[in-house]
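*Asks:* Below is one structure. I have some questions about it.
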Amino acid sequence: MGENEVVSASADYLAASAWGGADVWGAETAAAGRRGTQKIVRAGEVVAPDRVADLLAVERGGLVVERRRIMYLDGEPCELTDTYYPLGIARGTGLAGTAMIRGGAVRLLADLGYAGVRAQEDVVARMPSESERASLSLAVGEPVLELTRLTLSADDLPVQADVMVMSPRGQRLRYEIRIG
């Protein structure tokens, strides 16, 4: 692992028992000797962006629950995370509010009967929008990584879609693949 690098293992964000039920981001950064925190910017029902509607198999123009967060590493913004849930799963739950969820959203989804068992991820490098650049304190011309994750239940029901925009500085994304 490189100096000042935080290794983010996607599998940890799928297992309700990962890191003993603690905040996975905080635990991952602490393991690297860093401090990871987050701020929930907003939460509630929104019209699903077309891409999210397609991922969650909801009607375009339909409502979903969104949780928008800014992730901080040692007090500096490093990632913008928008998480979306189907209305039938999240309406009226802690997922629709701005309070931190004890044990995390993954644990709450599992408690509601929607444990994620499989994920599909796409990672692209691109140039940020002006608002992303400002929010992440990026230099002009500095790219971002965008990771889109769809989490599915045991019966292939889409239960969560995440769109994460992050500075590539100090990032290492880790994937473990097991066949058979």
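Just so you know, all these numbers are worked out from the coordinates, no wet-lab data involved. Since the model is a prediction, treat every value here as computed from it, not as a measurement.
*Asks:* Label the stretch 91-180 by shape, choosing from rounded, prolate and oblate, from the square roots a ≥ b ≥ c of the eigenvalues of the Cα gyration tensor; if a/c is under 1.5 it is rounded, and otherwise prolate applies when a/b is larger than b/c, oblate when it is not.
*Replies:* Because a/c hits 1.5 or more and a/b fails to exceed b/c, the stretch 91-180 counts as oblate.
*Asks:* Something else about it: Here are labelled values, (i) -0.30, -1.17; (ii) -0.45, -0.97; (iii) -0.56, -1.17, and one is the computed log10 I(q)/I(0) by the Debye sum over Cα atoms at q = 0.09, 0.17 Å⁻¹ for what I pasted. Which one?
*Replies:* Working out log10 I(q)/I(0) by the Debye sum over Cα atoms at q = 0.09, 0.17 Å⁻¹ from the coordinates points to (i).
*Asks:* Could I ask something else about it? Nearest-5 percent of antiparallel DSSP beta bridges in the stretch 6-174?
*Replies:* 90
*Asks:* Each residue of the stretch 51-56 in order: what ³J(HN,Hα) in whole Hz does its phi give by Karplus 6.51 cos²θ - 1.76 cosθ + 1.60, θ = phi - 60°, with x for Gly and Pro?
*Replies:* 4, 5, 4, 5, 4, 8
*Asks:* Sticking with this one: Rounded to the nearest Å, what's the spacing between the alpha carbon centres of the stretch 58-78 and the stretch 90-150? Just the number, please.
*Replies:* Spelled out, the Cα-based centre of one part sits 5 Å from the other.
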